[in-house]
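Asks: The structure follows.
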Ligand SMILES: [Ca+2]
Ligand SMILES: [Ca+2]
Ligand SMILES: [Ca+2]
């Protein structure tokens, strides 16, 4: 319910390791909206909900510097691994927070089940308690119209022959 409290609690529970990713809630706008929000979160330094070329450059070099452990201006595989894992961790924590509906830093069986139950009900158009291949395909198309574009339209890219 209280989102701020929930984030605070979880941040404390995980020892503050995830402070940056927990500071802003990701909107539930599908993959695309999420990625956009993550991009803003990462680079929008002056918080005007827009990322300028300067902000992008500044954010990028700060990130590189942060993970360039030996400060040689480059990322070795090992250094990149640390960056990658940190990024994955942020996404993992986002996913955890989305599941943990009551924000007690534990995902119960029912919290764990909720998103897939919801998806199941949503896809099960004729509500017969079974999701068929056809319903899944139809669900994908419906999603495609609202979110990911192009996925469902074959030939949409106009390859020259
Ligand atoms: Ca900005
Ligand atoms: Ca380096
Ligand atoms: Ca919970």
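Asks: Are there any pairs with C-beta distances below 6 angstrom linking a residue in the stretch 83-102 that is part of a helix (DSSP H, G or I) to a residue that is modelled with pLDDT of 95 or more and within 16 Å of ligand 3 (Cβ to nearest atom), with the two at least 6 apart or on different chains, and if so which?
Replies: Matching pairs, first to second residue: 99/107; 99/111.
Asks: A further question on this structure: Looking at residue 105 and the list (1) touching a residue at least 60 places away in the same chain (Cβ under 8 Å); (2) in the same structural domain as residue 61 (by TED's automatic domain parsing), which single condition is not satisfied?
Replies: (2)
Asks: Residue 108 - would you say it is at pLDDT 90 or above and either more than 23 Å from residue 33 (Cα to Cα) or surrounded by 13 or more Cβ atoms within 10 Å (Cβ to Cβ) (or both)?
Replies: Values: at pLDDT 90 or above: yes; either more than 23 Å from residue 33 (Cα to Cα) or surrounded by 13 or more Cβ atoms within 10 Å (Cβ to Cβ) (or both): yes.
Judged against the criteria, residue 108 is a match.
Asks: Related question: Exactly one condition in (1) within 16 Å of ligand 3 (Cβ to nearest atom); (2) exposed (fewer than 11 other Cβ atoms within 10 Å of the Cβ); (3) assigned to a loop (DSSP other than H, G, I, E, B) is false for residue 126; which is it?
Replies: Going through (1) within 16 Å of ligand 3 (Cβ to nearest atom); (2) exposed (fewer than 11 other Cβ atoms within 10 Å of the Cβ); (3) assigned to a loop (DSSP other than H, G, I, E, B) one by one, residue 126 breaks only (1).
Residue-by-condition table, conditions (1) under 21 Å from the mean Cα position of the chain (by Cα); (2) modelled with pLDDT of 95 or more; (3) more than 20 Å from residue 106 (Cβ to Cβ); (4) surrounded by 13 or more Cβ atoms within 10 Å (Cβ to Cβ):
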| site | (1), (2), (3), (4) |
| --- | --- |
| 29 | yes, no, yes, yes |
| 60 | yes, no, yes, no |
| 72 | no, yes, yes, no |
| 77 | no, yes, yes, no |
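Asks: Among the candidates 25, 15, 36, single out the residue that is at pLDDT below 95, in a helix (DSSP H, G or I) and within 30 Å of residue 107 (Cβ to Cβ). Working first, answer last.
Replies: Details: 25 fails: in a helix (DSSP H, G or I); 15 fails: in a helix (DSSP H, G or I).
So the residue among 25, 15, 36 that is at pLDDT below 95, in a helix (DSSP H, G or I) and within 30 Å of residue 107 (Cβ to Cβ) is 36.
Asks: What tally of residues in the stretch 40-77 results from selecting those that are more than 16 Å from ligand 2 (Cβ to nearest atom), closer than 22 Å to residue 92 by Cβ and out of contact with any helix residue (DSSP H, G or I) (no Cβ under 9 Å at 6 or more places or on another chain)?
Replies: Keep residues of the stretch 40-77 that are more than 16 Å from ligand 2 (Cβ to nearest atom), which gives 40-59.
Applying the additional criterion that residues be closer than 22 Å to residue 92 by Cβ yields 40-43, 59.
Those left that are additionally out of contact with any helix residue (DSSP H, G or I) (no Cβ under 9 Å at 6 or more places or on another chain): 40.
Residues flagged as more than 16 Å from ligand 2 (Cβ to nearest atom), closer than 22 Å to residue 92 by Cβ and out of contact with any helix residue (DSSP H, G or I) (no Cβ under 9 Å at 6 or more places or on another chain) within the stretch 40-77 amount to 1.
Asks: So, one more: Please state which of the following conditions residue 87 fails to meet, knowing it meets all the rest: (1) within 16 Å of ligand 3 (Cβ to nearest atom); (2) under 23 Å from residue 34 (Cα atoms).
Replies: All conditions pass for residue 87, except number (1).
Asks: Is one or more of the residues making up the stretch 88-99 loosely packed, with under 11 Cβ neighbours inside 10 Å and at pLDDT 90 or above?
Replies: First, the residues of the stretch 88-99 that are loosely packed, with under 11 Cβ neighbours inside 10 Å: 88.
Narrowing further to those that are at pLDDT 90 or above: 88.
Yes, the stretch 88-99 has at least one match.
The values are calculated or read from the model by the stated rules, or taken from the named source; none is laboratory data. Please read these numbers as outputs of a predicted model, since none were measured by experiment. Cβ coordinates were reconstructed from backbone atoms using ideal geometry, including for glycine residues, and neighbour counts include every protein chain displayed.
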